[in-house]
Amino acid sequence: MLLIGLTGSIGMGKSETAKMFGALGVPVYDADAQVHKLYEKGGAAVVPLDEAFPGVVQNGAVDRALLSKQVIGKPDALKNLETIVHPLVGQANRTFLADAMKAGAEMVLLDIPLLFETGGRERVDVIVVVSAPYELQRERVLARPDMTEEKFAAIFAKQVSDADKRAGADYIVESDKGLEHAVAQVKAIVEGLKGREGTVLKKLLG
């Protein structure tokens with residue numbers, strides 16, 4: 001089974017692109033959505049995070065804003081958070097891959113926002129980068145609720161540049177040329193990958 005890693009900087013249109021792969025029958029794993037599930041009422045991260053960061057659990061679920069206040073700018077607290085959450089996300093990822101294999105999927109899409117920033121090249125066979133010009137990226141991000149110039153600047157500074165991501169991509173989806181153009185690009189990528197065997201999955205599943 002071929003592992004496709006989808007990534008792109010904030011505001012590039014990655015989530016919409018992931019939906020396009022899903023619409024073509026490619027199973028999609030969303031890392032961000034998985035974290036949300038872990039934080040929801042009954043999620044596997046709720047109890048350990050409540051113990052590690054008293055007060056962050058409200059009405060049975062992790063309040064992300066309260067959690068952020070306890071870890072932002074505190075390296076030790078952030079490391080503690082990662083120690084709790086990363087193994088849970090990893091387990092969910094392995095379950096997703098095993099289920100996709102059982103279902104006979106030829107390829108799957110792993111939506112990984114910080115693929116380049118976290119050394120994700122080793123965890124996928126193919127990298128697809130979603131890209132758009134900076135001005136459009138900035139316009140999209142600043143249109144989000146609770147987003148400010150300062151927040152955008154801080155996030156932008158932490159991410160690998162779009163130019164470097166494009167340079168490291170096997171395929172690029174341009175999200176600034178309209179929906180039809182993007183859909184056509186995704187269809188071409190999926191068609192081009194049919195029949196290609198993956199090599200990474202064996203290592204991931206041990």
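Set side by side, the residues Ala154, Ala98, Ala143 differ, and just one is surrounded by fewer than 18 Cβ atoms within 10 Å (Cβ to Cβ), among the small types (Gly, Ala, Ser) and closer than 24 Å to Lys177 by Cα, which is Ala143. Pick out the one residue from Gly43, Gly25, Gly73, Gly90 that is touching a residue at least 12 places away in the same chain (Cβ under 8 Å) and not acidic (Asp, Glu). Just one listed residue meets the conditions, Gly43.
I'd like the residue in segment 40-64 that is small (Gly, Ala, Ser), under 24 Å from the mean Cα position of the chain (by Cα) and outside any strand (DSSP E or B) and, out of all such residues, is nearest to Ile84 (Cα to Cα). Give the derivation first.
Of the residues in segment 40-64, the ones small (Gly, Ala, Ser) are 42-45, 52, 55, 60-61.
Filter again for under 24 Å from the mean Cα position of the chain (by Cα), leaving 42-45, 61.
Filter again for outside any strand (DSSP E or B), leaving 42-45.
Working: Gly42: 16, Gly43: 13, Ala44: 10, Ala45: 7 Å.
Per the criteria, the residue is Ala45.
Here's the yes/no breakdown for (1) at pLDDT 95 or above; (2) under 26 Å from Val190 (Cα atoms); (3) among the acidic types (Asp, Glu):
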position: Val46; (1), (2), (3): yes, no, no
position: Asp76; (1), (2), (3): no, no, yes
position: Leu97; (1), (2), (3): no, yes, no
position: Val108; (1), (2), (3): yes, yes, no
position: Gly120; (1), (2), (3): no, yes, no
position: Asp125; (1), (2), (3): yes, yes, yes
position: Ala143; (1), (2), (3): yes, no, no
position: Glu149; (1), (2), (3): no, no, yes
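The values are calculated or read from the model by the stated rules, or taken from the named source; none is laboratory data. What you see is a predicted model, and the numbers here were worked out from it, not measured in a lab. All Cβ positions, glycine included, derive from the backbone under ideal geometry; neighbour counts span all protein chains shown.
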